[in-house]
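Trainee: The structure's right below; bear with me while I get my questions together.
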Amino acid sequence: MDTVHAPSPRPLSVHAPAAPLSGSVTVPGDKSISHRALMFAALARGETHISGLLEGEDVLRTADAMRALGAVVLRTGPGAWHVTGRGIGQLQEPADVLDMGNSGTAARLLSGILASHGIFSVMTGDASLRGRPMKRVTDPLAATGAAFLSRAGGRLPLAIRGVADPAPLSYRLPVASAQVKSAVLLAGLNAVGTTRVEEPVATRDHTENMLRHFGAHVTVEPLGAGGRTITLAGRPDLVARDVVVPGDPSSAAFVLVAALLVPGSAVTVRGVGLNPLRTGLFTTLREMGADLRLSNERIEGGEPVGDLTAIAGPLHGVDVPADRAPSMIDEYPVLAVAAAHATGPSRFRGLEELRVKESDRLSATVALLERNGVAVQVVGDDMIVTGTGGAIPGGGVVETRMDHRLAMSATVLGLVASAPVDVDDTAFIDTSFPGFIDLMNGIGAGLAP
Ligand code: S3P
């Protein structure tokens, strides 16, 4: 398989555009759904056709990994992929190390699959991924009978001796993580008996939805206030099914926030996934007074989808409760930019999980704002941003720390700051949003490469 090299740095100096942003665009496919589509298709019997697949670096790592495990994975056109699956328990031992690049989702979900096959594998990733915690998945997965060896602190590279007859797990999530939930459920596919996951706070449910779509028996029951219990009947007959991937709401977020903040702008993003466990940012922006209009709501590939139009206008500060965090966990950096532009203070509660993303996003977001003259404080796990009332000074050099969402948030900040903002490296944007800079230029951002 290909070796993943760190891309050459691509710095960008961002200035406020001369005119408002305008236009109607689509964003690339949902990253979470794209990873799952490739993995589940490789585990199903028959040929799955996927359309709208995100062709970002992260998802291409998953495609390579599923090939290395014996599935036939072919690209037939832009976003169009055919996967011939091998069936549950039938994946082959990879001949070489699996390199998951920058992708935590790929590494965590794949651990569940590798642990539940009677094969040996080794997983690694780039410097960012090699610094991220894996014990959150290897601890529960060890109860299947699989064995793991890793670097200190449970970091990659990780060696996995999987088991052909894994024990079904019953696990209560200690952290609100869809990746951990999904790793446990994926291991349950090859276990005889019922796998059960309790999540005290509901997290994105794409795994549950797609498992059902491929024919597995999955039940979801409410648990306490806002939690869920999910069960999966083991060894289902997973049968190939076509998958339509909606536009990624986490990518649409950057375009929509830019349009809300650049005076006079009006931009529509068409075909955005609106799964209610992903839309916390849109709820929050509306609470801040944003004019965000939804049209053309429909169901596509089993997920709610719609067109979102953002019309620029003044925003005010907001207090975001901790229990909303899982539904917008990837959106805090760009929300912090919106809060910096708004009038009055904002408080985002319960952000402990931000510390273990592609970077420590809590400290990286603080640095993004501070370097550009915005006052921000961390109190416990909360972030408090002092809004500038539309007068972000800017002029900072932003370190994006191998984190695509930091790079895009810094770009949005530069579009509304008084002085230009220098982003040290935009190369990692390709992990989730290839074509971001061209798309932004298409709506008038005027970003010079
Ligand atoms: C994801 C879950 C989230 C999110 C990530 C994608 C997924 O991570 O941050 O970008 O596809 O399951 P956690 O499960 O660690 O919260």
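Just so you know, all these numbers are worked out from the coordinates, no wet-lab data involved. Note that this is a predicted model, so its numbers are computed, not measured. No Cβ is skipped: glycine too gets one built from the backbone with ideal geometry, and neighbour counts run over all protein chains shown.
Trainee: With a Förster radius of 41 Å, plug the Cβ-Cβ distance of V122 and A225 into 1/(1 + (r/R0)^6) and report the FRET value to the nearest 0.05.
Mentor: 0.50
Trainee: Taking the Cα centre of the chain as the origin, how large is its charge dipole in debye, to the nearest 20, when only Lys and Arg (+1) and Asp and Glu (-1) carry charge on their Cβ atoms?
Mentor: 700
Trainee: Among S363, S250, S409, which one moves the most in a GNM of the chain with springs linking Cα atoms closer than 10 Å?
Mentor: For the chain, modelled as a Gaussian network with Cα springs under 10 Å, the answer is S363.
Trainee: With +1 on the Cβ of every Lys and Arg and -1 on the Cβ of every Asp and Glu, and nothing else charged, how large is the dipole of region 188-276 about its Cα centre, in debye rounded to the nearest 20?
Mentor: Dipole size: approximately 80 debye.
Trainee: Along the positive direction of the dipole of the chain (beta-carbon charges: Lys, Arg +1; Asp, Glu -1; about the Cα centre), which of I437, V197, A152 reaches farthest?
Mentor: V197
Trainee: Still on this structure, please answer the following. Mind checking which lysines have their C-alpha under 16 Å from K357, skipping anything on the same chain fewer than 8 residues away?
Mentor: K31, K135
Trainee: Relative contact order for region 31-233 using alpha-carbon pairs under 8 Å, separation at least 6, rounded to a whole percent?
Mentor: 17
Trainee: Under a point spin-label approximation (7 Å from Cα along Cα-to-Cβ), what is the A152-V379 distance to one decimal in nm?
Mentor: Label-label distance for A152 and V379, simple model: 3.6 nm.
Trainee: What percent does the relative contact order of the chain come to when contacts are Cα pairs within less than 8 Å and at least six residues apart?
Mentor: Relative CO of the chain lands at 18 percent.
Trainee: Relative to the compact-globule scaling 2.2 N^0.38 Å, provide the ratio for the alpha-carbon radius of gyration of the chain.
Mentor: In units of the 2.2 N^0.38 Å rule of thumb, it is 0.94.
Trainee: Now for a separate question. For E370 and N441 in the same chain, what is the full-extension length gain: residue separation times 0.36 nm, less their Cα-Cα distance, in nm?
Mentor: Taking 0.36 nm per residue and subtracting the Cα distance, the gain is 22.9 nm.
Trainee: Mind checking the angle between helix 178-188 and the chain's longest principal axis? C-alpha axes, 0 to 90 degrees, to the nearest 10.
Mentor: Around 10 degrees separate the two axes.
Trainee: For S13 and R298 in one chain, what is 0.36 nm times their gap in residues minus the Cα-Cα distance, to one decimal in nm?
Mentor: 98.7 nm
Trainee: So how much slack lies between A448 and S22, counting 0.36 nm per residue of separation and subtracting their Cα-Cα distance, in nm?
Mentor: 151.6 nm
Trainee: Can you give the three extents of the C-alpha atoms in region 31-233 along their principal axes, from longest to shortest, in whole Å?
Mentor: Taking the Cα atoms of region 31-233, the three principal extents are 45, 38, 30 Å.
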